[in-house]
């Protein structure tokens with residue numbers, strides 16, 4: 001793990017140094033946000049096991065700061081139980097990879113996107129002026145880092161577009177993305193705005209893990 005002072009993911013420099021030293025990790029070349037890509041983080045068999053878990057326990061996804069658009073997020077979500085051996089193994093892998101204290105991590109979530117489903121352009125941090133900020137951040141604070149893992153290839157559509165840098169990332173089994181939701185000064189970074197683009201054919205599965213400023217719960 002990185003030093004305790006940065007165990008929550010801020011300041012961001014220790015995490016950047018750790019990920020940059022990892023074999024097979026690519027840093028997207030842009031000054032606007034901090035984004036890393038690691039292909040093949042999970043093997044296909046583990047991906048298949050996680051997709052089965054998502055299919056079994058999925059429910060409609062929710063949003064914070066509801067804006068009146070019922071089509072803003074149309075995916076389904078699965079909360080992966082921490083006591084499940086597969087979920088526990090994945091959680092350890094992610095925390096070891098990024099080097100953050102597991103106590104600062106939210107429980108793992110899986111998302112499933114069927115044909116026509118998407119999550120329109122959004123940020124993962126909670127808007128400080130939003131009506132739900134106190135509800136979601138009073139205890140654990142702001143989201144610092146996001147780790148997202150694609151579990152399969154999508155027949156058509158389903159890419160993730162980071163709009164500020166016009167970067168489109170295609171789903172591949174086991175491909176991991178990690179990005180800081182904060183700027184180096186600790187303020188939320190609006191250029192992390194990203195769009196889970198509409199699935200045109202097939203089904204898309206992802207795993208998401210968020211880290212917080214303070215211990216979760």
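FYI, it's all coordinate maths here, none of it is from the lab. Please read these numbers as outputs of a predicted model, since none were measured by experiment. Here the Cβ is made from the backbone with ideal geometry for all residues, glycine too, and neighbour counts use every protein chain on show.
Screening residue 134 with (1) surrounded by 21 or more Cβ atoms within 10 Å (Cβ to Cβ); (2) not in a loop (DSSP other than H, G, I, E, B) gives one miss only, at (1).
Restricted to strands (runs of 3 or more DSSP E) entirely inside the range 169-211, those with at least 2 residues that are in contact (Cβ under 8 Å) with a residue 60 or more places away in the chain and within 9 Å of residue 158 (Cβ to Cβ) are 199-201.
Within the range 69-79, is even one residue free of Cβ contacts under 8 Å to residues at least 40 places away in the same chain and closer than 25 Å to residue 189 by Cβ? Yes, that holds for at least one residue. Across the range 138-167, the number of residues qualifying as without any contact (Cβ under 8 Å) to a residue 12 or more places away in the chain and either on the phi > 0 side of the Ramachandran plot or not in a loop (DSSP other than H, G, I, E, B) (or both) comes to 1.
Inclusion of residue 100 among residues that are surrounded by 19 or more Cβ atoms within 10 Å (Cβ to Cβ), in contact with a strand residue (DSSP E or B) (Cβ under 8 Å, 6 or more places away or on another chain) and part of a helix (DSSP H, G or I) is not warranted. Within the range 152-173, if we keep just the residues that are surrounded by 19 or more Cβ atoms within 10 Å (Cβ to Cβ) and under 14 Å from the mean Cα position of the chain (by Cα), the residue that is farthest from residue 93 (Cα to Cα) turns out to be 162. So is residue 9 surrounded by fewer than 20 Cβ atoms within 10 Å (Cβ to Cβ), in contact (Cβ under 8 Å) with a residue 24 or more places away in the chain and outside any helix (DSSP H, G or I) or not? Criteria not met by residue 9.
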